[in-house]
Amino acid sequence: MRIAQIHLRDWKAYPIANFDFSDCGTRENNVALVGALNGYGKTSLLEAVILGLYGKDGLRLVARADTEGDQAKQELSYNGFLRRAFHKPALEQGRNSMFVGLTFDDAEGGPLRIERVWHFSSSGMHRQDQEEVRIWLGADEELLPIPALDDRDDFLRGFIAQNLLPVDLAQFFLFDGEQVQKLARRDMATQVKLGIEGILGVPVVRELSDDLRGYARTCRKEIGSVGDAKIDQLREEVEALETQEDGLREQLDKIGPELEPLVAERDRLQGQITSLPGGNVAEMGELYETKERLLRDQDRRRDQLGQLLTVDIAIGLSGRKLQSRVHTQLNAESITNRWASGKEQGEARIDQFIDSLSSAFKNVQPPLSAEQQTQIDSHIREVWDQLWYPPPEGFTEDIKHKYLVESDRGQVVDKLEEVGTIATGSVQQLLKEIKYLDEEIRRHQSLIAERSGVDEQMKTLTNSLTNVVARIEQLNGRQKELTRELEGLRGMLNPKRQDLGLAQERYHSAKPLVRRSDLADKVATVIERVIGEAFPTHIDMLATEMTEAFKSMAHKQLVDRIEIDTDCSVKLLGDQGRDIREMDISAGENQIFALSLIASIARISSRVFPVIMDTPLARLDSEHRENVLNYFTSSGGQIILLSHQEEVSGKYLDLVRPRVAKTYHVRHREIGNGVGVSQLEDGYFGESWSWR
């Protein structure tokens, strides 16, 4: 894999620039030289390649970008970096976009071209939602379909990692002197760990492991505490209440058969009394009938009072604030359900609508391309989604009463409104009426007692009737008491049954979540174990490769071999087996160690990708420079050196000259107000170049 061309438009100081490296890539002619004075555009070229490939992901590889902090800060840094990178005169000249195009040539797969376009507002602010990426494949330049914005970054990340180079390995192929210095300043164990993690793709895999752990936690959170134990507990509570319900029903069932003959006996005795001669008998019958009516009226009012006290007043005592919140919540849930139902019904037809529209577009001339058709479909979906957003006034995402259907919500709202109209006078009035009826019942009972001694027969009948009526009243009272208990019990039992049903439903629906949660945890554990097991193997390979690289680049042959322990700690062993790190080693040797790591990681990663080095030799002494240049350029892979006039020059230039296939000199001119323009010309710092 080699870079064939780099095209820039309005990137930093380059209004337009086309680098052609198509002749650079053979084993003998694998070097390209780009010369420029400091500040004229060398590092800008390296940054263009990095961000053209990786977009926001590549920002952490750019030394001049501040990427410290959280994701939001990094996004601001990305937008700010691009705003500063946009060629300042472009807006004044009517251009509002910046472009980087990269063409790669692969002997096996053919050319691969990536274009990334950044758009800017009239004030020069980056429009992040309009960033474009296009990829063409093969000699026929087939345009690769790229998913919509939400899935685009993941798709591009995977495609570039598979076909070119993962972003976590890029720092070992695309680097400048500042990054080498930064790497050299780290302790050696950290450097090694960073390198091996890059080979293994640990940051990506670890992110996958973290995502899996997070997914498992989310699943468990959705499942909540519902499990076999919770369901068993609810089932036990329901069964206990059902046992009580059965007992109350059984007692009620016994009262009916006992009450029936008593009522018949009462009617018979009343008939006998009314059939006795004399007006007194008729009067006694009326007294009994009146008393029965008064008892019925009293029972009816007591039931009304019970209803008020156990339901309406109980709700009323919850307070207007809570009632109002419940009322508002239920109305909001009704609005939300109607909105969601309408949206779902519409979404069920949107695909059919888009298919029909796509069929109609087939007759458009000239025909639409696949990309245009995809964009139209995407815009239709976006417009459709906008029809439903923002949601209607009163919408809520917090559905607290999932157990209620729409008709239930209406009944609860009606009850809350009804309770709001209840006054304390209603209770007082019922108590007054019950008290009055109680007094009337006692008065009629006294009248009956006074007149029951008229004669012996009347007395016998009256006593019998009194006993029967007393037993009837007792049984009626017990029947009402049991009925109230049964209603109260059912008031507890029905919600409990609902809780059990919901818990069982959640448990059964959660079973796939439980399985997926467990599987996610297991996969994350396997990933972490694989990382741990892969480290030692790569440590040995890296130590061998780094020993060769270090000995090739260092001018003092103090190091016989490099040893790396499983914790990535490093020993630079001399021929006597002594760790020379126990002695002070120079800054240059630290930098050689960092370059050895870079070269070794690039080699054992088995990735064939160009190396772009931006002034990596500036802080090296002459012998180290010579060795480093010789080592990197003799590797056979394409290498692009970005150098200032005093770096790759003189004998160092002569060293690489036989391998150089292409040269560029970047000239710069000021156009005013601190703004400059960089332009390309063939050659190397004015030198007419011939390498054939």
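The values are calculated or read from the model by the stated rules, or taken from the named source; none is laboratory data. All figures in this text were calculated on a predicted structure; none of them were measured in a lab. Heads up, the Cβs are rebuilt from the backbone with ideal geometry, glycines too, and the neighbour counts pull from every protein chain shown. With ligands, DNA and RNA removed, areas are computed over all heavy atoms of the protein, side chains included. Shrake-Rupley method; radii C 1.70, N 1.55, O 1.52, S 1.80 Å.
If the condition is being in a helix (DSSP H, G or I) and under 25 Å from the mean Cα position of the chain (by Cα), then the range 163-201 contributes 167, 168. On inspection, residue 293 qualifies as in a helix (DSSP H, G or I), open to solvent by 50 Å² or more (accessible area, probe 1.4 Å) and either at negative phi or modelled with pLDDT of 75 or more (or both). Within 17 Å of residue 3 (Cα to Cα) and either assigned to a strand (DSSP E or B) or more than 45 Å from the chain's Cα centre (by Cα) (or both): is that true of residue 620 in this structure? Judged against the criteria, residue 620 is not a match. Scanning the range 1-37 for residues that are within 21 Å of residue 611 (Cβ to Cβ), open to solvent by 10 Å² or more (accessible area, probe 1.4 Å), not aliphatic (A, V, I, L, M) and not in a strand (DSSP E or B) returns 22, 23, 25, 26, 27, 28, 29. Tallying residues that are among the acidic types (Asp, Glu), in a helix (DSSP H, G or I) and surrounded by fewer than 17 Cβ atoms within 10 Å (Cβ to Cβ) within the range 626-657 yields 1. Could you tell me how many of the residues in the range 112-160 are outside any helix (DSSP H, G or I) and among the aromatic types (Phe, Trp, Tyr)? Number of matching residues: 3. Looking only at the range 134-155, which residues are over 18 Å from residue 57 (Cα atoms) and surrounded by 15 or more Cβ atoms within 10 Å (Cβ to Cβ)? Answer for the range 134-155, where residues must be over 18 Å from residue 57 (Cα atoms) and surrounded by 15 or more Cβ atoms within 10 Å (Cβ to Cβ): 136, 137, 144. Look at the range 376-388: where a residue is within 19 Å of residue 147 (Cβ to Cβ) and a partner is aliphatic (A, V, I, L, M) and surrounded by 12 or more Cβ atoms within 10 Å (Cβ to Cβ), sitting 6+ places away or on another chain with Cβ atoms under 6 Å, you get 377/354; 378/148; 380/354; 384/350. Of the residues in the range 163-180, at least one is surrounded by 20 or more Cβ atoms within 10 Å (Cβ to Cβ), within 30 Å of residue 570 (Cα to Cα) and among the charged types (D, E, K, R). In the range 654-676, the residues that are under 23 Å from residue 86 (Cβ atoms) and at pLDDT below 90 form Cβ pairs under 7 Å with partners that are open to solvent by 80 Å² or more (accessible area, probe 1.4 Å) and in a strand (DSSP E or B), at six or more places apart or across chains, as follows: 676/669; 676/670. Would you point out the residue of the range 269-279, among those that are surrounded by 12 or more Cβ atoms within 10 Å (Cβ to Cβ) and of a type outside the set (Val, Ile, Thr), that is modelled with the lowest pLDDT? Of everything passing the filter in the range 269-279, 276 is modelled with the lowest pLDDT.
Restricting the first member to the range 339-358 and to residues that are without any contact (Cβ under 8 Å) to a residue 40 or more places away in the chain and part of a helix (DSSP H, G or I), and the second to residues that are surrounded by 11 or more Cβ atoms within 10 Å (Cβ to Cβ) and β-branched (Val, Ile, Thr), the beta-carbon pairs closer than 9 Å and six or more apart or on different chains are 350/380; 353/380; 354/376; 354/380; 357/376; 357/380; 358/376. Scanning the range 540-557 turns up at least one residue that is surrounded by 15 or more Cβ atoms within 10 Å (Cβ to Cβ), at pLDDT below 75 and not polar (S, T, N, Q).
Between 529, 471, 506, the distinction of being among the basic types (Lys, Arg), exposed (fewer than 15 other Cβ atoms within 10 Å of the Cβ) and out of contact with any Phe, Trp or Tyr (no Cβ under 6 Å at 6 or more places or on another chain) belongs to 529 only. If you take the residues in the range 612-625 that are modelled with pLDDT of 80 or more and either open to solvent by 20 Å² or more (accessible area, probe 1.4 Å) or of a type in the set (Lys, Arg) (or both), which one is nearest to residue 179 (Cα to Cα)? Result: 615.
A Cβ distance below 8 Å, combined with a sequence gap of six or more or placement on separate chains, defines the contacts here; from the range 244-268, residues that are under 18 Å from residue 480 (Cβ atoms) and open to solvent by less than 40 Å² (accessible area, probe 1.4 Å) reach residues that are modelled with pLDDT under 80 and of a type in the set (D, E, K, R) in the pairs 245/490.
The residue pairs whose first member lies in the range 131-155 and is without any contact (Cβ under 8 Å) to a residue 60 or more places away in the chain and closer than 16 Å to residue 379 by Cβ, whose second member is assigned to a loop (DSSP other than H, G, I, E, B) and open to solvent by less than 60 Å² (accessible area, probe 1.4 Å), and whose beta carbons are closer than 6 Å, counting only pairs six or more residues apart or on different chains, are 152/146. Considering only residues in the range 534-547 that are under 23 Å from residue 625 (Cα atoms) and without any contact (Cβ under 8 Å) to a residue 24 or more places away in the chain, the one that is farthest from the chain's Cα centre (by Cα) turns out to be 547.
Scoring residue 282 on the criteria (1) modelled with pLDDT under 80; (2) surrounded by 17 or more Cβ atoms within 10 Å (Cβ to Cβ); (3) out of contact with any Leu (no Cβ under 6 Å at 6 or more places or on another chain) leaves a single failure, condition (2).
When residues in the range 89-121 are screened for being open to solvent by 70 Å² or more (accessible area, probe 1.4 Å) and modelled with pLDDT of 90 or more, 3 of them pass.
With respect to residue 592, is the statement that it is open to solvent by less than 20 Å² (accessible area, probe 1.4 Å) and touching a strand residue (DSSP E or B) at 6+ places or on another chain (Cβ under 9 Å) true? Spelling it out, it is not the case that residue 592 is open to solvent by less than 20 Å² (accessible area, probe 1.4 Å) and touching a strand residue (DSSP E or B) at 6+ places or on another chain (Cβ under 9 Å).
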